[in-house]
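Visitor: Mind having a look at this structure? Questions to follow.
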Amino acid sequence: MPLQHKPIMEMFDTRVTVFGAPGRYIQGQGAWRLVGDCAATLGARAVLVIDATIRDMLAGQVEESCAAAGVDLQILPFAGHLGANTGAELQAQLDGPVAAVLAAGGGRAIDAGKALAERLGSALITLPTVASNDAPTSKNFVLYEDGHRMLEVRHLMRNPDFVVVDTDILSKAPKALFRAGMGDALAKKFEADACFNSGGGTMFLARSTRLAHQIANTCYETLVKHGAGAWSVVGTGTVTEDFDAAVEAMILMAGLGFESGGLSLPHALTRGIPLLPGGGDVLHGIQVAWALIVHFEALKLELPPEVVRLYKAVGLPLSLQEMGVGASSRAELVALADATLAVRHIKNLPFALDADALISAILRVEEKAPARRAGA
């Protein structure tokens with residue numbers, strides 16, 4: 001009879017600190033060649049869940065790597081809706097048992113692979129092809145309703161066994177996705193600060209470790225130092241020291257920093273932003289970038305000048321309009337505030353925030369945006 005265990009999100013509370021991480025993180029040019037060797041340590045048969053748009057670019061290489069390592073590989077292109085039934089739909093396509101799921105592509109394809117791994121109870125290898133978010137390192141995955149509304153955040157029992165980050169592949173990815181990844185990663189220090197200082201709960205519902213808090217700080221420092229230089233070569237296929245450093249910050253440091261360090265208002269706001277006109281079409285990291293400015297305003301703190309400079313260099317939004325959101329009514333802002341305040345991350349603040357205070361902070365951000373954009 002199989003052992004019965006609590007779900008991961010019922011095991012811990014803020015009486016303890018918890019740190020989670022992938023089993024191995026591998027980054028470098030041509031790193032895809034190691035995928036087969038990594039898979040072979042987990043079992044003789046694997047399945048590749050791959051974003052259908054990159055199948056022709058990458059599936060053959062992964063298959064070659066696995067064959068060289070003696071791993072039998074089934075390929076499942078993913079091009080559908082990432083919803084409550086995704087894991088079951090992928091499982092129904094399997095030819096037989098597998099020891100590991102390989103998930104390749106952007107955040108949604110990787111989350112689809114996680115959904116399948118959850119159903120199978122299998123090992124997991126992630127192979128990101130863009131640096132648009134830190135999904136490759138975390139145990140979390142997001143399911144959506146129709147219309148891009150978040151349905152649920154689910155949690156694997158453990159983080160991926162291997163994360164394989166090929167910087168050659170990422171250096172050719174679209175600049176817009178890299179921009180989003182930077183916006184998401186820049187917020188992690190300030191969210192971890194808020195969680196750590198308030199004694200709040202992380203993505204394990206435990207207290208943050210000091211190490212996770214410092215990783216989030218290092219993520220920010222790395223992006224301030226290397227972000228603009230990395231941005232200058234994104235999409236060219238060139239891997240520089242700046243690019244390599246920024247990728248490590250945006251995938252590894254941001255992932256460890258948010259999961260074991262905690263989230264706060266910026267990520268809570270991503271539940272409300274889709275309720276604004278056009279908000280549901282905005283990339284997650286772009287939403288977080290704007291929400292970070294609201295976070296500073298709500299805490300009545302000055303936005304660091306290096307953040308403003310990096311926003312301008314990369315093209316991150318300083319206003320709702322720059323984010324691609326249309327003019328919003330008071331009722332829409334109230335709906336945004338209500339959705340935001342219902343998220344547990346909102347508790348990771350030094351004080352209780354109400355709807356009026358949040359809306360006032362948003363309006364101040366919009367008022368200050370032209371001056372910030374025009375400033376030196």
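The values are calculated or read from the model by the stated rules, or taken from the named source; none is laboratory data. What you see is a predicted model; the values in this text were computed from it and never measured. As a convention, Cβ positions derive from the backbone with ideal geometry for all residues, glycine included, and neighbour counts pool all protein chains shown. Note: accessible area is taken over every heavy atom of the protein model, side chains too, but ligands, DNA and RNA are not part of it. Shrake-Rupley method; radii C 1.70, N 1.55, O 1.52, S 1.80 Å.
Visitor: May I ask you to say which residue of VAL234, VAL247, VAL239 is in contact with a Leu (Cβ under 7 Å, 6 or more places away or on another chain) and in contact (Cβ under 8 Å) with a residue 12 or more places away in the chain?
Guide: Step by step, each of VAL234, VAL247, VAL239 is checked, and only VAL247 is in contact with a Leu (Cβ under 7 Å, 6 or more places away or on another chain) and in contact (Cβ under 8 Å) with a residue 12 or more places away in the chain.
Visitor: Is it the case that segment 51-73 has a residue that's within 17 Å of GLU118 (Cα to Cα) and open to solvent by less than 40 Å² (accessible area, probe 1.4 Å)?
Guide: Of segment 51-73, the ones within 17 Å of GLU118 (Cα to Cα) are none.
Looking for residues that are within 17 Å of GLU118 (Cα to Cα) and open to solvent by less than 40 Å² (accessible area, probe 1.4 Å), one finds none in segment 51-73, hence no.
Visitor: Could you please let me know if MET150 is closer than 21 Å to PRO274 by Cβ, open to solvent by 20 Å² or more (accessible area, probe 1.4 Å) and in contact (Cβ under 8 Å) with a residue 12 or more places away in the chain?
Guide: yes
Visitor: Which of the residues belonging to segment 107-137 are part of a loop (DSSP other than H, G, I, E, B), surrounded by fewer than 24 Cβ atoms within 10 Å (Cβ to Cβ) and touching a strand residue (DSSP E or B) at 6+ places or on another chain (Cβ under 6 Å)?
Guide: The one that is part of a loop (DSSP other than H, G, I, E, B), surrounded by fewer than 24 Cβ atoms within 10 Å (Cβ to Cβ) and touching a strand residue (DSSP E or B) at 6+ places or on another chain (Cβ under 6 Å): SER122.
Visitor: So which residues in segment 95-106 are closer than 17 Å to VAL165 by Cα and assigned to a loop (DSSP other than H, G, I, E, B)?
Guide: Taking segment 95-106 and keeping what is closer than 17 Å to VAL165 by Cα, we get 101-106.
Selection gives GLY106 alone.
Visitor: Taking interchain pairs and intrachain pairs at least six residues apart, which have beta carbon atoms under 8 angstrom, with the first residue in segment 14-37 and closer than 16 Å to ALA104 by Cα and outside any helix (DSSP H, G or I) and the second open to solvent by 60 Å² or more (accessible area, probe 1.4 Å) and not β-branched (Val, Ile, Thr)?
Guide: Taking only residues 6 or more apart or on different chains, the pairs are ILE26/LEU34; GLN27/GLU248.
Visitor: Please go through (1) open to solvent by less than 10 Å² (accessible area, probe 1.4 Å); (2) over 30 Å from SER208 (Cα atoms); (3) assigned to a loop (DSSP other than H, G, I, E, B) for LEU316 and return the number of the only condition it doesn't satisfy.
Guide: Going through the list (1) open to solvent by less than 10 Å² (accessible area, probe 1.4 Å); (2) over 30 Å from SER208 (Cα atoms); (3) assigned to a loop (DSSP other than H, G, I, E, B), LEU316 breaks only (2).
Visitor: Can you confirm whether ALA342 is at negative phi, open to solvent by 10 Å² or more (accessible area, probe 1.4 Å) and out of contact with any strand residue (DSSP E or B) (no Cβ under 7 Å at 6 or more places or on another chain)?
Guide: Answer is yes for this residue.
Visitor: List the residue pairs whose Cβ atoms are under 6 Å apart, where the first residue sits in segment 331-356 and is over 24 Å from LYS189 (Cα atoms) and assigned to a loop (DSSP other than H, G, I, E, B), the second is of a type in the set (Val, Ile, Thr) and at pLDDT 95 or above, and the two are 6 or more positions apart or on different chains.
Guide: Matching pairs, first to second residue: none at all.
Visitor: Taking segment 70-94 as the search range and keeping residues that are in a loop (DSSP other than H, G, I, E, B) and in contact with a helix residue (DSSP H, G or I) (Cβ under 8 Å, 6 or more places away or on another chain), which one is nearest to ARG158 (Cα to Cα)?
Guide: Taking the candidates together, the pick is LEU82.
Visitor: Which residue is farthest from ALA123 (Cα to Cα), if the candidates are limited to segment 27-50 and must be open to solvent by less than 40 Å² (accessible area, probe 1.4 Å) and in contact with a Phe, Trp or Tyr (Cβ under 9 Å, 6 or more places away or on another chain)? Spell out the reasoning first.
Guide: From segment 27-50, those open to solvent by less than 40 Å² (accessible area, probe 1.4 Å) are 28, 30-32, 35-36, 38-39, 43, 46-50; that's our starting set.
Pick out the ones that are also in contact with a Phe, Trp or Tyr (Cβ under 9 Å, 6 or more places away or on another chain) and you get 35, 38-39, 49-50.
On the way: VAL35: 13, CYS38: 11, ALA39: 9, VAL49: 13, ILE50: 16 Å.
Selected residue: ILE50.
Visitor: Still on this structure, I have one more. Considering only residues that are touching a helix residue (DSSP H, G or I) at 6+ places or on another chain (Cβ under 6 Å) and not in a helix (DSSP H, G or I), which ones fall in segment 38-65?
Guide: ALA46, LEU48, VAL49, ILE50, ASP51, listed by residue number.
Visitor: Please note which helices (runs of 4 or more DSSP H) are completely contained in segment 210-270 and include at least 3 residues that are among the small types (Gly, Ala, Ser) and over 24 Å from ALA298 (Cβ atoms).
Guide: Counting at least 3 such residues, we get 210-233.
Visitor: Quick check on segment 158-200: of everything there that is open to solvent by 10 Å² or more (accessible area, probe 1.4 Å) and in contact with a Cys (Cβ under 8 Å, 6 or more places away or on another chain), which residue is farthest from THR126 (Cα to Cα)?
Guide: Filtering first and then ranking leaves LYS189.
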